[in-house]
Amino acid sequence: MNLDVTYPRRKTKPCRVGSITMGNGHPVVVQSMITEETRNIDACVEQIIALHRAGSEIVRVTTPTLGEASCLEEIKAKVREQHTDVPMTADVHHQGTKIAIEAAKYVDEIRVNPGLFVFKHHGKRGDDMRGRTDEDLTSVEALRSALAYSTEEWQRELDAIEEDFVPVIEACKKYDRAMRVGVNHGSLSERILITYGDTPRGLVESALEYLRICEAQGYYNLNISAKASRVPVMIASNRLMAMRLDEEGMNYPLHLGVTEAGDGQYARIKSTAGIATLLAEGIGDTIRVSLSEDPINEIPACYEILQAMNLRKTQVEYIACPSCGRTKFDLPTVLNQVRDATRHLNGLDIAVMGCIVNGPGEMADADYGYVGAAGGKITLYRKRDVVKSGIPQEHGVEELVNLLKSDGVWSEPELVNS
């Protein structure tokens, strides 16, 4: 039985962001965003370096005005001088043409939001459509008809988008930068909102308009995101986005995330529910777990999602039973002891099981097993085979380490300077 299950990945074009490539069979990329004000250059540099050291392979920096864009040159230079050349993204929103062109001189990727890039939402029409779906089709269609843009208005806005957007594309081509076309459920343009409603289709059509302009200009170093704070909307939007992109031959990588997820356990669960569901369907090439916390807390959540989905192996995988009346030792305590001794051995699967009734079968895909036996004894396994039995509990972890050493898979943990 082959227990090394992996999910087939959606086939995409590659997208290069500095030294990182996403899509086209590359590992799913982890990224985050700093929270420091961009004009506070030294604080930004410190946070970027900390995030990169923690495992964020791309780091995003907010760039709301031309002043912040001009700061990126010094930020990028100082990060390179003090650490290494970290792939960086400039986040550009409102009226962003000049900002994006300036930022493209210094960073590796420009993120644009189609709902905000050219036109600010004034609420003249769009507020009437906010929160509506196609469930009540009759009233929705009637309202859309009453508010609809004429053909001339529609084309006038498309022409305005192209006029402002093409110079950004040209800058990205000139400096060999990537671009993320990032659509958010909460910031669809008035025209898209009225035409398609507050729906996944609206997110997809909003992105497609910008992608068609990119392709008309011969620019393809792109990735796409369709984010929402509600998990079902995020999942539906990305499924539809993947389908439509592939239908149109625009098989660009997808960036996954549940935006505005909040903090704490629920935010992590929301993010996991959305991201992991899509990864299981082969959708997704880079991820961010958005938390209302220190962004460094996002990185472990990202890697743990990827490890749980068998997409990246970045830490020891511990398999442990939930404990029951058959358990022969204090399982939570022993699990922590085993983890403390072996957590640095990235790539191993280690099982800690409370008894021999179900333990050996349920840990069959582990590299090593630590199983409780009668009389306060421990049995050690290598795969399915018993290596040593009758070990006193107080010597169990020591004997596990000795086994790892004898098998040549042990290394001493690195000392971390305090």
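The values are calculated or read from the model by the stated rules, or taken from the named source; none is laboratory data. Only a predicted model underlies this, so the values are computations on that prediction, with no experimental measurement involved. So basically every Cβ, Gly included, is an ideal-geometry build from the backbone, and we count neighbours across all protein chains shown. The accessibility values were calculated without ligands, DNA or RNA, using every heavy atom of the protein model including side chains. Shrake-Rupley method; radii C 1.70, N 1.55, O 1.52, S 1.80 Å.
Kindly establish whether A228 is closer than 29 Å to D294 by Cα and either at pLDDT 95 or above or open to solvent by less than 10 Å² (accessible area, probe 1.4 Å) (or both). Spell out the reasoning first.
Working: closer than 29 Å to D294 by Cα: yes; either at pLDDT 95 or above or open to solvent by less than 10 Å² (accessible area, probe 1.4 Å) (or both): yes.
Considered against the rule, which asks whether it is closer than 29 Å to D294 by Cα and either at pLDDT 95 or above or open to solvent by less than 10 Å² (accessible area, probe 1.4 Å) (or both), A228 comes out as yes.
Which of (1) assigned to a helix (DSSP H, G or I); (2) open to solvent by 10 Å² or more (accessible area, probe 1.4 Å) is the odd one out, the single condition N251 does not satisfy?
(1) is the only condition that N251 fails.
Would you mind telling me which numbered condition in (1) modelled with pLDDT of 95 or more; (2) in contact with a Phe, Trp or Tyr (Cβ under 8 Å, 6 or more places away or on another chain) Q393 fails?
Condition not satisfied by Q393: (1).
What number goes with the only condition from (1) under 22 Å from Q307 (Cα atoms); (2) not polar (S, T, N, Q); (3) not in a helix (DSSP H, G or I) that D340 does not pass?
(3)
Please count how many residues of region 295-321 are in a loop (DSSP other than H, G, I, E, B) and touching a helix residue (DSSP H, G or I) at 6+ places or on another chain (Cβ under 9 Å).
At the first step, the residues of region 295-321 found to be in a loop (DSSP other than H, G, I, E, B) are 309-316, 321.
Now restrict to residues that are touching a helix residue (DSSP H, G or I) at 6+ places or on another chain (Cβ under 9 Å): 309, 311-316, 321.
So the count comes out to 8.
Could you look through region 50-67, keep only residues that are touching a strand residue (DSSP E or B) at 6+ places or on another chain (Cβ under 9 Å) and in a helix (DSSP H, G or I), and pick out the one that is surrounded by the most Cβ atoms within 10 Å (Cβ to Cβ)?
If we take residues in region 50-67 being touching a strand residue (DSSP E or B) at 6+ places or on another chain (Cβ under 9 Å) and in a helix (DSSP H, G or I), then L51 is surrounded by the most Cβ atoms within 10 Å (Cβ to Cβ).
Take Q31 and decide whether it is in contact with an Asp or Glu (Cβ under 9 Å, 6 or more places away or on another chain), farther than 20 Å from R180 by Cα and crowded, with 17+ Cβ neighbours inside 10 Å. Steps first, please.
Working: in contact with an Asp or Glu (Cβ under 9 Å, 6 or more places away or on another chain): yes; farther than 20 Å from R180 by Cα: no; crowded, with 17+ Cβ neighbours inside 10 Å: yes.
Spelling it out, it is not the case that Q31 is in contact with an Asp or Glu (Cβ under 9 Å, 6 or more places away or on another chain), farther than 20 Å from R180 by Cα and crowded, with 17+ Cβ neighbours inside 10 Å.
Could you check how many residues of region 68-99 are open to solvent by less than 20 Å² (accessible area, probe 1.4 Å) and either closer than 21 Å to T286 by Cα or hydroxyl-bearing (S, T, Y) (or both)?
Residues that pass the stated criteria total 7.
So, E57, is that one on the phi < 0 side of the Ramachandran plot and either more than 17 Å from the chain's Cα centre (by Cα) or at pLDDT below 95 (or both) or not? Break it down into steps so the answer makes sense when it comes.
Values: on the phi < 0 side of the Ramachandran plot: yes; either more than 17 Å from the chain's Cα centre (by Cα) or at pLDDT below 95 (or both): no.
Spelling it out, it is not the case that E57 is on the phi < 0 side of the Ramachandran plot and either more than 17 Å from the chain's Cα centre (by Cα) or at pLDDT below 95 (or both).
Which condition number in (1) crowded, with 19+ Cβ neighbours inside 10 Å; (2) touching a residue at least 40 places away in the same chain (Cβ under 8 Å) is the one that G186 fails?
(1)
Checking the conditions here, which among T199, T195 is open to solvent by 10 Å² or more (accessible area, probe 1.4 Å), more than 26 Å from the chain's Cα centre (by Cα), of a type in the set (V, I, T) and at pLDDT below 95?
Details: T199 fails: more than 26 Å from the chain's Cα centre (by Cα).
Answer to the check: T195.
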